[in-house]
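**Student:** Please read through the structure below; I'll follow up with questions.
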Amino acid sequence: MKDPLDTVGNEKELFDQIAKLVVGKPNHVVWCVGMNLIVNAIRQSTGTRALAEAQFNELFGQGKSVLLDVHYDSVTGHRRSVIPYTQVIKPPFHDEGNVIFHGK
């Protein structure tokens, strides 16, 4: 699994460990575990409801921006590849004596 936020340091290390643990698990299980981690981290570090809501909204706003702006095409709505194409395939022209191409 690739880190969509391209984190570094401790964040990257922890993401890689978690990514290894969730390989082969159903999506709903992974989503549930991720949400539980987020909710518990905010709950344990925030003393007021208003601040907890603000942190949750900020976190999910940033996540939504990364998800939609980077990984989905805004025109077609389809998922797009974020892997750059570095190779161009140019097959050779094959002439079978077709009259359309050479007037034969």
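Please treat every number below as a calculation from the coordinates, not as lab data. Just so it is clear, the model here is predicted, and its values are computed rather than measured. Here Cβ is always computed from backbone atoms with ideal geometry, including for glycine, and neighbour counts include all displayed protein chains.
**Student:** TYR72's amide H: which non-local residues (gap 5+, or another chain) put their own amide H closer than 5 Å, with H modeled 1.01 Å from N in plane and none for Pro or chain starts?
**Tutor:** ARG80
**Student:** Continuing with the same structure: With each pseudo-label sitting 7 Å past Cα toward Cβ, what's the SER74-GLU53 distance in nm, one decimal?
**Tutor:** Modelled inter-label distance: 2.9 nm.
**Student:** Quick one, what does Rg over Rh come out to for region 19-77 if you take C-alpha atoms and the Kirkwood Rh?
**Tutor:** That ratio is 1.07, to two decimals.
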